[in-house]
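Notes for the one structure printed next.
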Amino acid sequence: MGESERTNVVSETRLIHGFHAITAKLRHAPEDVKEIFIAEGRQDGRVRDLLKFAETVGVRVLPVDAARLEGMAGGASHQGVVARVSATQKFLTLDDVMENLAGPALLLVLDGVTDPHNLGACLRVADAAGAHAVVAPKDRACGLNATAIKVASGAADTVPYLMVTNLARSLRELQERGVWVIGAAGEATKDLYAIDQKGPLAWVLGAEGAGLRRLTRDTCDDLARIPMYGSVESLNVSVASGICLFEARRQRG
């Protein structure tokens, strides 16, 4: 293979790491997994299970030394396993999501969340609550990098992550489809537990501290707060997302 061909192959793939992320990719899109790299000499139960799974779906596993794994993971915690997967993402739009719903919409919208650890945690929460998609603006958000995928523990392959050009416009499009848009804001007068969340709903949350941008806040149909009973004034966005989404699920029975 020539140098240009090798460069093209690398450009068409990306690296993910961690047992949960790689196992989820094998489970949901095994054709996207090109090869898996395992720390040489490791023979524990998690490795044996992964080797068996990879063999079942026809993905080769290569033992490599610790220094190479560290380099591939960019210094992140990789748990001794890294995979090269297809970089091609299945791009979805809000229309794609809204037209294939089985039940009232439940969406999580993130405004200004730029930390991949927070994004990964939000994706995991969204998956657990059965949210149909996570939506974020392209200008103030982080992409699905290896860190976000690892923290998501498989949810990056099960929950669509949609990055939109204009968040306010996308929220208005949801409203035109009958989706009630609620912004989480500490200064809101309404309690989230007092709001009817049984119908089509999008929860909009900002980063801890910064909160929602003014235009995003003004576009929401309503604002609600999470009641706080201790000394802290705010919650991490993934924790707040879980509270909001699971209250919607509780009300829906």
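The values are calculated or read from the model by the stated rules, or taken from the named source; none is laboratory data. Bear in mind the structure is a predicted one, so any value in this text is a computation, not a measurement. Don't worry about glycine lacking a Cβ; one is built from the backbone with ideal geometry, like all the others, and counts go over all protein chains shown. To get the accessible areas, we keep the full protein, side chains included, count just its heavy atoms, and leave off ligands, DNA and RNA. Shrake-Rupley method; radii C 1.70, N 1.55, O 1.52, S 1.80 Å.
What the table below lists for this structure:
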{"item": "The stretch 104-253: C-alpha gyration tensor shape, a/c 1.5 cut-off, then a/b vs b/c", "result": "rounded"}
{"item": "Calculated FRET value between Arg27 and Arg250, using beta carbons and R₀ = 30 Å, to 0.05", "result": "0.60"}
{"item": "Average accessible surface area per residue within the chain, 1.4 Å rolling probe, Å²", "result": "50"}
{"item": "Estimated dipole of the stretch 92-170 in Debye, rounded to 20 [Cβ of Lys and Arg +1, of Asp and Glu -1, Cα centre]", "result": "200"}
{"item": "Calculated from backbone phi, Karplus (6.51, -1.76, 1.60) coupling profile of the stretch 69-74 in Hz, x at Gly/Pro", "result": "4, 4, x, 5, 8, x"}
{"item": "Which of Val59, Trp180, Ala126, positive extreme of dipole for the chain (C-beta unit charges)", "result": "Val59"}
{"item": "Antiparallel DSSP beta bridges within the chain, as percent of all bridges there, nearest 5", "result": "30"}
{"item": "GNM flexibility winner over the chain from Arg213, Arg48, Arg169 (Cα, springs under 10 Å)", "result": "Arg48"}
{"item": "Rounded percent of accessible protein surface that carbon and sulfur make up, the chain, 1.4 Å probe", "result": "50"}
{"item": "Förster-model FRET efficiency, 45 Å R0, Glu35 and His117, C-beta, rounded to 0.05", "result": "0.95"}
{"item": "Test item: Cα-centred dipole of the chain, Lys/Arg +1 and Asp/Glu -1 on Cβ, debye", "result": "280"}
{"item": "Additional length obtainable on full extension of the chain from Leu101 to Thr158, 0.36 nm per residue less Cα span", "result": "19.1 nm"}
{"item": "Inter-centroid distance (Cα atoms) of the stretch 19-92 relative to the stretch 138-174, Å", "result": "23"}
{"item": "Added length on full extension, which subtracts the Cα-Cα distance from 0.36 nm per residue, Val232 to Tyr193", "result": "12.1 nm"}
{"item": "Angle in degrees between helix 45-57 and the longest Cα principal axis of the chain, rounded to the nearest 10", "result": "80"}
{"item": "Förster-model FRET efficiency, 30 Å R0, Arg42 and Glu12, C-beta, rounded to 0.05", "result": "0.60"}
